[in-house]
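The values are calculated or read from the model by the stated rules, or taken from the named source; none is laboratory data. The structure displayed is predicted, hence computed values, not measured ones. Neighbour counts are summed over all protein chains in view; Cβ atoms, including those assigned to glycine, are modelled from backbone coordinates with ideal geometry. For accessibility, only protein heavy atoms count, side chains too; no ligands or nucleic acids. Shrake-Rupley method; radii C 1.70, N 1.55, O 1.52, S 1.80 Å.
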Amino acid sequence: MKHIYRNQKKLKRQKRRLSHRSADYNLLSYFSDTILFEYDCDSNILIFTSNITKRFHSKGNRAFQILNPQEPMEMIHPDDAVLLRKLLKEAKAMPTGQIHSVNLRFVDKNGSYCWMLCQIQLLEKEQGKARKIVGKLSDIQEQRLKEQRLIEKASIDSMTGILNRKAVDHQIADRLVSAKNGFLFMIDIDNFKALNDTLGHAAGDEALIHFTSEIKNNFRSEDLIGRVGGDEFIVFMTDTDSEQAARHKAEQLLSRIAKWEKATLSASIGIACYPKDGSTYEELYEAADAAMYQVKQQGKNGYYL
């Protein structure tokens, strides 16, 4: 018990010492939105400047025994708290003055996550042993949102609002890495050129938008949907090995589009089963494409699995 008591007193002294030593940092923080921090390598105590309590969900705490798994850090996303602990451990072996950084998610007062750039450097060594690490947190939320908007804009087909060719190819290939099974649908609007020539491009655009809406309503929210050509679409129905379910989706879609009153719509649908018909995206795509042309050769307006 005496040993535990002595350790607790030592920890309190170290926290007080760090609090006094961070007074200069706190003064600097009043003139900036940047949050500064200091990490004592001996005590494993991480202490932030006082402005962190004004912005993030810290419950008034700004000093943490970072390597103690029982010490909660509610203001950081759990996954990112692990990243921060790992970075501080690795920083002890860094050359003095070398800057390392990582992006972390902090919880603000409203309970929303905000991206912050965390930069650290080893400031002091004594007899070859790390003593002090300093760092700062800079707000990069707006930057991340802009980057995300640009990525989304580059991934979306402007006409239909679904994924474009490049994005859907990439996402399906990624999904196949973890998927156990699924079905790839190649969907081609029948006689779309004739519709365009007869009714005009405005009517053709309206047909594309309506067709896209029916595909989205027909499949599940977790299924990947993209436009891969002028009148050609692709859907990856993930995590199912039920051929009956795949057939039902195809029949349901054909029934949906046939009910459109503004023009006669039908489609040729080719379906390939993963991994039976292909273990890679390229193999699966070729199988579904071949199945779709099988339907076209048989008179269109149908599906083939």
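For the residue pairs LYS166/LYS249; LYS59/LYS109; LYS216/LYS249; LYS86/LYS136; LYS193/LYS296, the C-alpha atoms sit more than 18 angstrom apart in LYS166/LYS249. Selection among CYS41, SER138, ASN301 by position relative to the dipole of the chain gives CYS41 as farthest towards the positive end (Cβ unit charges, Cα centre). Rolling a 1.4 Å probe over the protein heavy atoms gives the chain an accessible area of 55 Å² per residue.
Charge tally for VAL228 (other residues, Cβ to Cβ under 11 Å; Lys, Arg +1; Asp, Glu -1): -3.
Under 13 Å of direct C-alpha separation, and excluding same-chain neighbours fewer than eight residues apart, LYS54 reaches these aspartates and glutamates: ASP33, ASP108.
Local charge sum around SER101 (other residues, Cβ-Cβ under 15 Å, Lys/Arg +1, Asp/Glu -1)? Cβ neighbours under 15 Å give a net charge of +1. ALA272 sits among other residues whose Cβ lies under 10 Å from its own Cβ, and their net charge, with Lys and Arg +1 and Asp and Glu -1, is -3. Quick one: of the DSSP bridges fully inside the stretch 168-305, what percent are antiparallel, nearest 5? That works out to approximately 85 percent antiparallel.
The dipole here belongs to the chain: it is taken about the Cα centre, uses +1 on the Cβ of Lys and Arg and -1 on the Cβ of Asp and Glu, and is about 2880 debye. Label separation (VAL82 vs GLN98): 2.5 nm, computed from points 7 Å beyond Cα along the C-beta direction. Where only DSSP H runs of four or more residues are counted, the chain gives -14000 deg cm²/dmol as its mean residue ellipticity at 222 nm, each run worth -39500 (n - 2.57). Convex hull volume per residue, computed on the Cα atoms of the stretch 48-102, equals 100 Å³.
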